[in-house]
Each structure stands twice: as structure tokens, then as C-alpha cells.
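Data block below; observations after.
The values are calculated or read from the model by the stated rules, or taken from the named source; none is laboratory data. As the structure is a computational prediction, the values presented were derived from the model and not from experiment. Neighbour counts are summed over all protein chains in view; Cβ atoms, including those assigned to glycine, are modelled from backbone coordinates with ideal geometry.
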Amino acid sequence: MSIKVLSPNDTEEKGFIHIDIIEKSGPFIALITTRLGGVSPTPFDSFNMSDSVGDDPSFVEKNRWRLANHLGVDVQRLIQLNQVHSAVIYEKTDPKNRGMLGDGQLVYRAGYFAVISVADCIPLFLVDPIRRVGGVIHAGWRGLHQSIISKAVAKMRQVYGTDPNDVIAVVGPSIGPCHYEVQRDVIEKFNPILNSELTFYEQKENRYFLNLWVIARDQLIKEGVYPGRIYVQHECTVCRPELYFSHRGSHGKTGRIWAVLGLKSTEKS
């Protein structure tokens, strides 16, 4: 997968990973924050974007303003949902969505940025360069079990006329099968809805390790997204504690990164 990691020695830009494959496809701004370059103390050090994990709200506000400044917008232009591991997706990013229950937003015009908060779950980017519409999705195992990715692509098709063959999909950093141990009942929930030939977990004696990336890719392909336009980062958040927050790796006490998607303004200054 082609991504651009900004130099950790560049203090002005440290903390942002821009998704080149998306930004080069059209008028999109797509990035993931990291845990670097912020002001929050341990265990939220340092670029924590969440105000619901126990971090000082004033530090979180400073971190969010740093992101907003990087994007060149007011912080109120960043629209975050109240994520609940659902399959609820809003068809447009709007200030009215702020704090609403849901786990995905579509973006079709410049002005507001859709935001997803993660610390192991998949941050999924979807863009249609032809119709200049996109979406960012929060997908953990519960969301995947409810087919949130399939529903996101379907909503892009129904609302904006997207042809799934035109979609570019990027599966961002998230917990990998090397660390995502689950109970057997989670595996059993997926068996009826996945192809029997799909290897979506690994069993080691009586332990089960779920592969979210394989399930996400499967949903994209079933919805008509061309396999060659699906980019899986294959970067495990537990394996990269110096760069990302991980709920599982930190035993629940940590910060959150944001996945952000917006459209560039075409207005002339």
C-alpha cells in the first residue's frame, strides 16, 4: 500500500500519515493521526484525539486544534460521531451528525471533515474519484458482523450513484491476526455469513485469532469493489506501540487516533 509517512524529525508535521493513493486519485484529503507530536501525558502520550478515555480535556482540545491547523480549518469543521460498534452510516458529513450514534459518514462536498476514532478497530477509507464522494468507516468485529462495509459501499451506490468498480478502499492500521485473540463464539458468529473457503482466523490449540483484514476485504469484493483497488496496510496497532494507540495492547488505558476524510475546496480565493 502506498502511504506517505511524514518525517518524525519534522516537529511541525509529526503525527500525520497522509493516504497518498487516495489523495492522488481526486480532490480528497485523507489522513490518519499517530500518537506522536501532541501534548497529552502518559498513557495518552501524546497526540490523543479522544475526550472519553480519561485524558485532560484541555490537552485533547490542543491536540484537535493542531490537527485542524494542519488541515487549515476551524476545529468545528471536524465532525465526530458517538461510535457504538453499529452499522449506522450517515449519507453526508454534517454538523448535525456530531455526537450522533453511528460508525460511518460519507463525504460529498468540501467544508466538513468526517472523523473516525480508533485504537485497534479498522479505520476504512472509501472514495469514488469519478463522482468525488467518499466515506470513512469504523469497523471492529461487531461492525463487520453487521456488514458495515458492505452497507457503506451500497449507500454510496444508492445515494450518489457510485459504481463499486470505481471505488478505492484503504484498510488502515488496526489490530492484526497476530494479536487479535477472541473467544470461539465470535468465530462462530462469522461462520454463517462468510464463504466456507475463506480463512478468516487461525487456531492455536484452544486459542482463536481473528483476521479483521481478510473479512473487510471479503465484504468489499462481495459488494463489487475491484480487488486491485483494495489496499490493506497490514500494520498491526499492537505491534507498533511507538506509532499507534492500541486498546488491546495497553489493556484498555490509552488514547485514540483519528482517521479523517474530506474534500478540497474548489473555490478560488
Condition met for ILE130 (buried (at least 24 other Cβ atoms within 10 Å of the Cβ) and either under 30 Å from LYS222 (Cβ atoms) or in contact with a Ser or Thr (Cβ under 8 Å, 6 or more places away or on another chain) (or both)) | no
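May I ask you to list the residues in segment 174-198 that are in a loop (DSSP other than H, G, I, E, B), more than 23 Å from the chain's Cα centre (by Cα) and modelled with pLDDT of 95 or more? Reasoning before the result, please.
Step one: of segment 174-198, the residues in a loop (DSSP other than H, G, I, E, B) are 175-180, 183, 194-198.
Checking the rest, the ones that are also more than 23 Å from the chain's Cα centre (by Cα) come to 183, 195-198.
GLN183, the sole residue that qualifies.
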Residue set ARG256, ARG207, ARG229, ARG240; condition of a type in the set (D, E, K, R), more than 18 Å from HIS145 (Cβ to Cβ) and in contact with a Ser or Thr (Cβ under 6 Å, 6 or more places away or on another chain); output residue ARG256
Which residue out of GLU235, GLU205 is among the acidic types (Asp, Glu) and more than 16 Å from the chain's Cα centre (by Cα)?
-> GLU205
Could you say whether any residue in segment 182-189 is β-branched (Val, Ile, Thr), under 21 Å from VAL260 (Cα atoms) and either buried (at least 18 other Cβ atoms within 10 Å of the Cβ) or in contact with a Leu (Cβ under 8 Å, 6 or more places away or on another chain) (or both)?
-> no
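Could you list all residues from segment 102-150 that are among the acidic types (Asp, Glu) and either assigned to a strand (DSSP E or B) or in contact with a helix residue (DSSP H, G or I) (Cβ under 6 Å, 6 or more places away or on another chain) (or both)?
Taking segment 102-150 as the starting set, the residues that turn out to be among the acidic types (Asp, Glu) are 103, 120, 128.
Result: ASP103, ASP128.
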Any idea which of (1) of a type outside the set (Gly, Ala, Ser); (2) at pLDDT 95 or above; (3) assigned to a loop (DSSP other than H, G, I, E, B) is the one PHE209 doesn't satisfy?
-> (3)
Residue check, MET49 hydrophobic (A, V, I, L, M, F, W, C), surrounded by fewer than 16 Cβ atoms within 10 Å (Cβ to Cβ) and under 23 Å from CYS121 (Cα atoms) = no
Among all residue pairs at least 6 apart or on different chains, which show Cβ distances below 6 Å where the first residue, located in segment 69-80, is closer than 13 Å to TRP258 by Cβ and surrounded by 13 or more Cβ atoms within 10 Å (Cβ to Cβ) and the second is among the polar types (S, T, N, Q) and at pLDDT 95 or above?
-> ILE79/THR93; ILE79/ASN97
Conditions (1) modelled with pLDDT of 95 or more; (2) within 30 Å of GLY37 (Cβ to Cβ); (3) assigned to a loop (DSSP other than H, G, I, E, B) -> GLY262 fails only (3)
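Got a number for residues in segment 208-263 being of a type in the set (Gly, Ala, Ser), in contact (Cβ under 8 Å) with a residue 12 or more places away in the chain and over 21 Å from SER25 (Cα atoms)?
Residues in segment 208-263 being of a type in the set (Gly, Ala, Ser), in contact (Cβ under 8 Å) with a residue 12 or more places away in the chain and over 21 Å from SER25 (Cα atoms): 5 in total.
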Among (1) crowded, with 24+ Cβ neighbours inside 10 Å; (2) outside any loop (DSSP other than H, G, I, E, B); (3) more than 13 Å from the chain's Cα centre (by Cα) - the single one THR162 does not satisfy | (2)
Starting from residues that are outside any helix (DSSP H, G or I) and small (Gly, Ala, Ser), keep the ones in segment 216-259 and report whichever is surrounded by the most Cβ atoms within 10 Å (Cβ to Cβ).
-> GLY255
The condition from (1) surrounded by 17 or more Cβ atoms within 10 Å (Cβ to Cβ); (2) assigned to a loop (DSSP other than H, G, I, E, B); (3) of a type outside the set (Val, Ile, Thr); (4) at pLDDT 95 or above that GLY37 misses is numbered (4)
Within segment 70-101, how many residues turn out to be within 17 Å of the chain's Cα centre (by Cα), assigned to a loop (DSSP other than H, G, I, E, B) and within 20 Å of TYR160 (Cα to Cα)?
-> 5
